[in-house]
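Q: Input: one structure, supplied below.
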Amino acid sequence: MRAAQTSAPVVALAAAMAIAFASTSGVRSATSRVPQNHDRQGMVAAPAVHAAPPLVRFHAPPYGSFWGYRWGERRMPVPVVSADADYRASVFHVVDAPAESDGDRFPGLDTLIALMGHQGVPFYRSDADTPESGPDGIVGADDVVVVKINYQWGERGGTNVDLLRGLVRRIVDHPDGFVGEIVVCENAQFVSINFDRPENNAENIGLSPHDVVAAFQDQSIAISHFNWTTMRFTEVAEYADGDDDDGYVLLPYDAALNGRVSYPKFTTAYGTRISLRNGVWDPASGSYDRSHLRFVNMPVLKSHHAVYGITSVVKNYMGVVTGGLGTNSHNAIANGLLGAAIAEVHPADLNILDCIWVNANPNTGPATTYEGATRRDELVASLDPVAADIWAATNILVPAFVQNGFPPPWAPPNPDPADPTSVYRNYLDHSLARLLAAGWNATNDLAKIDVYTWSAGGDVDQDGVPDTDDNCPYDANPDQMDCDGDGIGDVCAIAQGLQADLNGNGIPDACECPADLDGNGAVDGADLGVLLGAWGPNPGHAADLDLDCTVGGADLGALLGAWGSCGG
């Protein structure tokens, strides 16, 4: 059964903004390029840049400042870059996600992956074509997977560690057998971290990212964590330029951003050399492999009253770039620096937004105490970082603000996603503009976002069997028939092509042997004789194995293919 598809409410779209790239065409590095292909994210074939007045900056009375950014400051839209007119983003939304884990599994994430697969976005890249795997899936069995969490802030301010553990479990459980590598990363900027603080965002608050990594290492999984904070003041060149050191690669200063884009380059505990922009470096061949590097962006949704209104998918990239080395990254967020960084390193292969616990107080954040968090039990995923951002802010965080007794208008910095002049929309829209100008499709228009919602505690196929107990959660099978006892309901086994059902009666051929026309327990010469005797138009005859009302070549082929003893 297909999940209901709905469009989110329409919020007026502020025209997708771009910075005046024509006047700063020399600011990108010599090796920078517009990507020509991406596995899933739609591309804009030829962005149209239209002339516009120069940048205009309005200065309202400053309400406060942090790292030099003034809360009252506004930047007005300048050259417009048009996205692909046919582009639509997909957002996958899980409600009723229990915060409790099931061993290593996180049930809400399992539901999210199932929902994505049911809508044509399989999690696993594999030759096996199932709802959760396929040739165009996200994570391959031999990929290097970088997982960017939020761990700058303690208690509920960071990514849910149970969710992280559930993601690692799902990667490791790749149907082809995972032989790749996983590395959990973060740049906490001015906060010293070791991935092992005592108070974490988890049901058992003692469970840290380090504990997750160590537990899977004990299972002989190639997994580690890397603290990008330790190299935030180290500028390096690329591997291809002969520099093997860990650090940050800096692009030239961009006057429109008033900052410099940067990205990490580092060697994992297993000796794998990674450039987040170019891919896995092979020193033997002197080349990068971008196709086997996967990046999962996994932030937590929360208020960011300190400066930017809301932290979500795009803002989590502040933990990817460095704020050191004169990049002015934090201030330049207002001008779209994070969008420029996303465009440079390629958008994440998957964004998973943790909305289990959120900071739903518009007057606090990004630091979030246990007492200051609101439990929502929701998860959001999308391939489009801006769509995930605007949808979750509008449909999860703002309602939580109101439910907690904080109706609009909100004190500066304004977090209102419906207000295109708000501090939040300012940095989000400028980031969108940078993505579009670089050739990546994205949208902040809720009318162009298709939202798919499932309940983690529900009954997706509405067959009366809870999803947690259903051996075929995607298609109704109230009888739960599983004739071969492999744990996959007959209906799903047939639908996924795991079992044949020539006569279409819902029973796998392996369990009933339809080609045994004389019922002697084997497909042999006697059955061949029956089939040949019924040759030609013959609706309803048992030898019409494919039910096309004619006994012919297809039926003969099916019979010969089943030759031998039934069941073996």
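The values are calculated or read from the model by the stated rules, or taken from the named source; none is laboratory data. It should be emphasised that the depicted structure is a prediction, and the values quoted were computed from it without experimental measurement. Methodologically, a virtual Cβ is constructed for each residue, glycine included, from the backbone with ideal geometry; neighbour enumeration extends over all protein chains shown. What goes into the accessible areas is simple: the full protein's heavy atoms, side chains included, and nothing from ligands, DNA or RNA. Shrake-Rupley method; radii C 1.70, N 1.55, O 1.52, S 1.80 Å.
Q: With a 1.4 Å probe and every protein chain kept in, tell me what percent of the accessible surface of region 275-315 is carbon plus sulfur.
A: Of the solvent-accessible surface of region 275-315, carbon and sulfur hold 56 percent.
Q: Follow-up question, since we're still on this one. List the relative contact order of region 115-272 as a percent without decimals, with contacts defined as Cα pairs under 8 Å and 6+ residues apart.
A: Details: 285 pairs, mean separation 25.1, N = 158.
Here the relative contact order equals 16 percent.
Q: Gain in length, Leu532 to Ser287, computed as 0.36 nm per residue apart minus the alpha-carbon separation, to one decimal in nm?
A: On the way: separation 245, 0.36 × 245 = 88.20 nm, distance 6.07 nm.
Stretched fully, the Leu532-Ser287 segment lengthens by 82.1 nm.
Q: Net charge near Asp377, counting Lys/Arg +1 and Asp/Glu -1 over other residues with Cβ under 13 Å of its Cβ?
A: Taking every Cβ under 13 Å from that of Asp377, the sum is -4.
Q: Okay, next question. With all protein chains present, how much of the accessible area of region 342-407 (probe radius 1.4 Å) comes from carbon and sulfur, to the nearest whole percent?
A: 54
Q: Please report the net charge: other residues with Cβ closer than 13 Å to the Cβ of Lys448, K and R +1, D and E -1.
A: Net charge in that neighbourhood comes out at -4.
Q: Points 7 angstrom from Cα along the Cβ direction at Cys549 and Thr234: gap in nanometres?
A: My value for the distance between the label points is 7.4 nm.
Q: Whenever you get a sec, compute what percent of the accessible area on region 104-155 sits on carbon and sulfur atoms (1.4 Å probe).
A: Carbon with sulfur: 46 percent of the solvent-accessible area.
Q: Now a separate question. Using a 1.4 angstrom probe and counting only protein chains, how large is the accessible area of His93 in Å², to 10?
A: 20
Q: For every other residue with a beta carbon closer than 10 angstrom to the beta carbon of Gly134, add +1 if it is Lys or Arg and -1 if Asp or Glu, then tell me the sum.
A: Net local charge, Gly134 excluded: -3.
Q: Shifting gears a bit: How far apart, in nanometres, would the label points at Leu556 and Tyr270 be if each is projected 7 angstrom from Cα along the Cα-to-Cβ direction?
A: 5.3
Q: OK, next. Assuming a ≥ b ≥ c are the square roots of the Cα gyration tensor eigenvalues, decide whether region 356-461 counts as rounded (a/c under 1.5), prolate (otherwise, with a/b larger than b/c) or oblate.
A: It is oblate, given that a/c is not under 1.5 and a/b is not larger than b/c.
Q: Let me ask something additional. Quick check: residue separation of Asp86 and Ser192 times 0.36 nm, minus the Cα distance between them. What number comes out in nm?
A: Numbers: separation 106, 0.36 × 106 = 38.16 nm, distance 4.49 nm.
That works out to 33.7 nm of additional length.
Q: So, taking all protein chains as they sit and a 1.4 Å probe, how much accessible area belongs to Asp129, in Å² rounded to tens?
A: Number for this one is 110 Å².
Q: With a 1.4 Å probe and every protein chain left in place, work out the accessible area per residue of region 398-547 in Å², rounded to a whole number.
A: It amounts to 39 Å² per residue over region 398-547.
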